[in-house]
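First comes the structure, then the notes that go with it.
The values are calculated or read from the model by the stated rules, or taken from the named source; none is laboratory data. Values in this document were obtained by computation on a predicted structure and should not be read as measured data. Here the Cβ positions follow ideal geometry from the backbone for every residue, glycine too, while neighbour counts run over all protein chains shown. Accessible surface is based on the protein model in full, side chains and every heavy atom, while ligands, DNA and RNA are left aside. Shrake-Rupley method; radii C 1.70, N 1.55, O 1.52, S 1.80 Å.
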Amino acid sequence: MKARNLILALALCFVGAAVCFADNPNMGTWKLNEAKSQIPSGFMKNSTVVYEAAGDNVKVTTDGTDKDGKPMHTEWTGKFDGKDYPLTGDPTADARSYKQIDDHTLALANKKGGKVTTSGRIVVSADGKTRTLHVTGTDSAGKKVSSTAVYDKQ
């Protein structure tokens with residue numbers, strides 16, 4: 001009897017987590033719409049971004065190119081709670097934080113050695129079909145740079 005109650009409780013926890021993530025409009029696969037984006041040369045470009053549930057966390061995987069046009073793959077797993085979680089695959093950052101601003105908006109910060117290298121805001125449209133990422137940072141010469149990437153939900 002105790003085992004059955006434990007299994008039922010665990011199943012309800014997983015269903016609850018799945019329902020919470022399903023309500024988040026960021027979840028799913030997003031493809032870069034280069035025609036609508038404004039990404040300067042020398043800025044990394046994510047062609048595909050995937051948000052998926054990973055237990056009670058969110059896993060964000062990106063595939064694209066670095067500032068030199070070489071293939072780049074990053075992975076981040078954490079919560080949208082504003083805390084830093086490890087980021088792999090990005091030579092300019094070793095941690096990232098996401099903070100949920102409202103139902104359709106996230107703030108993000110990439111850090112290297114505890115120092116913010118880029119920050120941005122992600123907004124998913126009301127219909128959930130597009131996602132816009134505006135990022136600002138400083139290039140290797142110390143000049144402020146920004147980019148706007150528009151993604152279409154797949």
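Basic side chains Lys and Arg get +1 at the Cβ, acidic Asp and Glu get -1 at the Cβ, and with that the dipole of the chain about its Cα centre reaches some 200 debye. Axis of helix 2-22 versus longest Cα principal axis of the chain: the two differ by about 30°, to the nearest ten degrees.
With Cα atoms as the point set, the chain shows a radius of gyration and Dmax of 17.1, 66 Å.
If DNA, RNA and ligands are ignored and the probe is 1.4 Å, what is the ranking of 127, 66 by accessible area, most exposed first?
My answer, sorted largest first, is 127, 66.
The packing ranking of peptides 113-125, 133-145, 88-100, highest mean first, is 88-100, 113-125, 133-145, where packing means the average number of other beta carbon atoms within 10 angstrom of each residue. Show that you can apply the helix-only estimate: for the chain, add -39,500 (n - 2.57) for every DSSP H stretch of four or more residues, divide by all residues, and state [θ] at 222 nm to the nearest 500. Helix-only estimate at 222 nm: -4500 deg cm²/dmol. Taking each of 31/115; 79/143; 36/83; 31/143; 59/83; 59/143 in turn, the alpha-carbon distance tops 26 angstrom for 31/115; 79/143; 36/83; 31/143; 59/143.
Got a number for carbon plus sulfur as a percent of the chain's accessible area, 1.4 Å probe?
Percent of accessible area from carbon and sulfur atoms in the chain: 58.
Counting Lys and Arg as +1 and Asp and Glu as -1, what is the net charge of the other residues whose Cβ lies under 11 Å from the Cβ of residue 94? Within the 11 Å Cβ shell, the charges total +2. For the stretch 9-154, the solvent-accessible area works out to 55 Å² per residue, with a probe of 1.4 Å and every protein chain left in place.
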